[in-house]
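J.: Okay, handing you the structure first.
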Amino acid sequence: MSDDVAPGFVRVRLDLAYHGAEFSGWARQRSRRTVQGELESAITTVLRLPEPVELTVAGRTDAGVHARGQVAHVDLPEEVWARESGKLLRRLAGRLPHDVRVWRVGEAPAGFNARFSAIWRRYAYRVGDHPGGVDPLLRGHVLWHDRPVDVNLMNEAATLLLGEHDFAAYCKKREGATTIRRLLELHWERTADGLAVATVRADAFCHNMVRALVGAMLLVGDGHRPVGFPGEVLAGRVRHSAVNVVRPHGLTLEEVGYPADELLAERAAEARNKRTLPGC
């Protein structure tokens, strides 16, 4: 499949952010409010297009998950882009609801695909374990865990999960979709305000993967399970009844990474290949 843009159109990259609490996730749904639905409606309206646009996104976030580094693209008629590009950002600011913002729009390099050209996505999951609860001003972004957690133990457990593996034990299975992913980074740190924050970066994520990984590591951090437990779950390749998929509001998509412009098309083609592990 080619990422060539149709004649007479230009591919436009959008960098955006949203507060996920009142959205039923990214993907457009007929009867539910979604980020994609709001954005597509706003773009179609402000550009006075005869047909609705369709956005392609770097990562489809679940209901309740936030983003401040999300990336999407849309193909627009050349004449519309030439006429409206300088006004689009301000017009979208006036049309979009308060919980979704577009920070930058620009013509994408040749071969760019917001989803398939990406080489990694970086999420943060924020946990508060203060016995009194979470700061009310942060409650929409931080999970309260009612037992103190040891970030050093969780970091020790995290090292056993890095690399390319079948993450079936940490994913909600989807028919025909692979659960093989390359986990590039997973570590916890204490912030100045006392939160335990996990940084999770991978070439891609399957459904519920970050939230399930966090759930397994919290069991280690609060002493319910030994350090080796998350690795044992991974090796089992099946969902473990002890691992909770933690609530979505603590999760934020922070950044999406792309290769140099000359490698965008090559990366997009590579990402479409279904992955297998060596020996499988």
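Quick note: the coordinates plus some simple rules give every number you see, no bench work behind them. It should be emphasised that the depicted structure is a prediction, and the values quoted were computed from it without experimental measurement. Because the Cβ atoms are built from the backbone with ideal geometry, glycine has one as well, and the counts that use them run over all protein chains shown.
J.: Which net charge results when you count Lys and Arg as +1 and Asp and Glu as -1 among the other residues whose beta-carbon is under 10 Å from that of ALA204?
T.: Working: positive: ARG115, ARG121, ARG181, ARG182, ARG275; negative: ASP203.
Taking every other residue near ALA204 into account, the sum is +4.
J.: Return the sequence-ordered ³J(HN,Hα) values of the stretch 79-85 in whole Hz as given by the Karplus equation 6.51 cos²θ - 1.76 cosθ + 1.60 applied to θ = phi - 60°, using x for Gly and Pro.
T.: Rounded to whole hertz, the list is 5, 5, 4, 4, 7, 10, 4.
J.: Subtract the Cα-Cα distance of ARG237 and LEU162 from 0.36 nm times their separation in residues, and report this length gain in nm to one decimal.
T.: Numbers: separation 75, 0.36 × 75 = 27.00 nm, distance 1.52 nm.
This chain segment gains 25.5 nm when fully extended.
J.: Would you mind getting me the FRET efficiency between LYS173 and ARG30? Use the beta-carbon distance for r and R0 = 22 Å, nearest 0.05. Numbers along the way, then the final one.
T.: On the way: r = 24 Å, r/R0 = 1.10.
E(calc), rounded to 0.05, equals 0.35.
J.: Moving on to the next point. For Rg/Rh (Cα atoms, Kirkwood Rh), several values are listed as [x] 1.00; [y] 0.98; [z] 1.04; flag the one computed from this structure.
T.: Entry [x].
J.: So who's got an amide H within less than 5 Å of the one on ARG225, skipping anything under 5 residues away but keeping other chains? H placed 1.01 Å off N, in plane.
T.: Sorted by chain and number, the residues that satisfy this are VAL220.
J.: Please work out how much length the chain gains when fully extended from ARG104 to THR199, using 0.36 nm per residue of separation minus the C-alpha to C-alpha distance, in nm with one decimal.
T.: Once the chain is fully extended between ARG104 and THR199, it gains 31.8 nm.
J.: Could you go through the stretch 204-219 in sequence order and give the Karplus-derived ³J(HN,Hα) for each residue, using 6.51 cos²θ - 1.76 cosθ + 1.60 with θ = phi - 60°, rounded to whole Hz, and x for Gly and Pro?
T.: Result, rounded to whole Hz: 6, 10, 9, 4, 6, 4, 5, 5, 6, 4, 4, x, 5, 6, 5, 5.
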